[in-house]
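Heads up, the thing below is written out as structure tokens.
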Amino acid sequence: MFVLNAFAKKTQKTSRRDIELAKEWFDLIMNAEWEEGSENVFKDVGFSEQEAEYLTIRSRLMLEVDRFVKESGLTQREAAKKLGINQPRLNDLLKGKIQKFSIDALVKMLSRIGVHVDVHVRAV
């Protein structure tokens, strides 16, 4: 974050303070100790097992909608119409606002564009 802020400015000279902060953060990141995570990023950041699974399912469905929009070459307005939603709602989805979308709503969107969603259930 600080690295991007320090070097993204185009209209004024980057302050020494910003450069020093960027260097400090870069050093912290490069020298940090890393630990192996699980296969579920939501679980790794503290969500319960059940909530982490729910968020994973929603995020996978959202990625499929995102893929459709990118590969279709349609404008957001055109893509939203095919998905059965309005453009601001599609924009929320493309920005990753996962809390605004249920699994049911995402499956409906995907079915409108001909994407079949399979459900696989297994004991853990």
(message) Taking the condition of being assigned to a loop (DSSP other than H, G, I, E, B), under 27 Å from PHE42 (Cα atoms) and of a type outside the set (D, E, K, R), how many residues in segment 101-124 meet it?
(response) 10
(message) So in segment 70-100, with the set limited to residues that are of a type in the set (S, T, N, Q) and assigned to a loop (DSSP other than H, G, I, E, B), which one is farthest from ILE57 (Cα to Cα)?
(response) THR75
(request) State whether one or more residues within segment 45-57 are within 12 Å of the chain's Cα centre (by Cα), free of Cβ contacts under 8 Å to residues at least 60 places away in the same chain and within 20 Å of VAL117 (Cβ to Cβ). (result) yes
(request) Would you point out which residue out of LEU4, LEU61, LEU21 is closer than 21 Å to LYS97 by Cβ, of a type outside the set (Ser, Thr, Tyr) and either at pLDDT 90 or above or not in a loop (DSSP other than H, G, I, E, B) (or both)? (result) LEU61
(request) Among the residues of segment 35-58, write down those that are assigned to a helix (DSSP H, G or I) and either surrounded by 16 or more Cβ atoms within 10 Å (Cβ to Cβ) or not charged (D, E, K, R) (or both). (result) VAL41, PHE42, LYS43, GLN50, ALA52, TYR54, LEU55, THR56, ILE57, ARG58
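The values are calculated or read from the model by the stated rules, or taken from the named source; none is laboratory data. Just so we're clear, the structure is a prediction, and the values are computed from it rather than from any experiment. In this analysis, Cβ positions are derived from the backbone assuming ideal geometry, glycine residues included, and neighbour counts consider all displayed protein chains.
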